[in-house]
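S.K.: Dumping the structure here so I can ask a few things about it.
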Amino acid sequence: MNQSPDLSAERIESLKAGILSALSLTFSYGITTLGNSWVLAQFEGLAALQSTNITNLLVKVAIAFFSGFLFGITYRYIIRDDQNSHLKEGAVLAFGLVRGLAPVEVETNLAESFWVLGVLGVESIVYFTLARFTLDWALHHHWVKPFKSG
């Protein structure tokens, strides 16, 4: 199966964008997870929210990495070589809200944990914002090439 050089080059650029975004999001997730564990440890009632199971933590980190990877690939295709800030902000908000609101489906008592879900939503938007700025920086410095439309 012969692939055109343009298609192979686009796939490589998407892979670079995905990996860069995944590393950025995973790093920011790790920092906030560590920070949250210190903060939550100070509050007796919130200590139960901490994840002490290493397998659970590794799964969460893997999900963060995969979410960042998908964001990077998608972001590159969404913004293309356009400078429309609404596209960039919309991509961040869409990914952030989907990731941040996912726990709502499994939470049985939203009234008691509403503020926790709000914090998770804001954290998710911050993660994807940092990934966006990382990708914008890489695109600006030509480490990742934008997707050329047409």
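Laboratory data are not the source of any read-out in this text; all were calculated from the coordinates shown. Since this is a predicted model, take the numbers as computed values, not measurements. Cβ placement follows ideal geometry from the backbone for every residue including glycine, while neighbour counts extend to all protein chains displayed.
S.K.: How do 10-16, 22-28 rank on mean C-beta neighbours within 10 Å, highest first? Show your work: numbers first, answer last.
M.R.: Details: 10-16: 16.0, 22-28: 20.9.
Ranked from most to least packed, the peptides come out as 22-28, 10-16.
S.K.: GluC sites (Glu not before Pro) within the range 52-150: which are DSSP loop residues with at most 15 other Cβ atoms inside 10 Å? Kindly include the intermediate steps, with their values, before the conclusion.
M.R.: Details: sites: E89, E105, E107, E112, E123; in loops: E107.
Here the sparse-neighbourhood loop sites are E107.
S.K.: Can you give me the distance in nm between label points at N109 and H141, each placed 7 Å from the Cα along the Cα-to-Cβ direction?
M.R.: Reported label-point gap for N109 and H141 is 4.8 nm.
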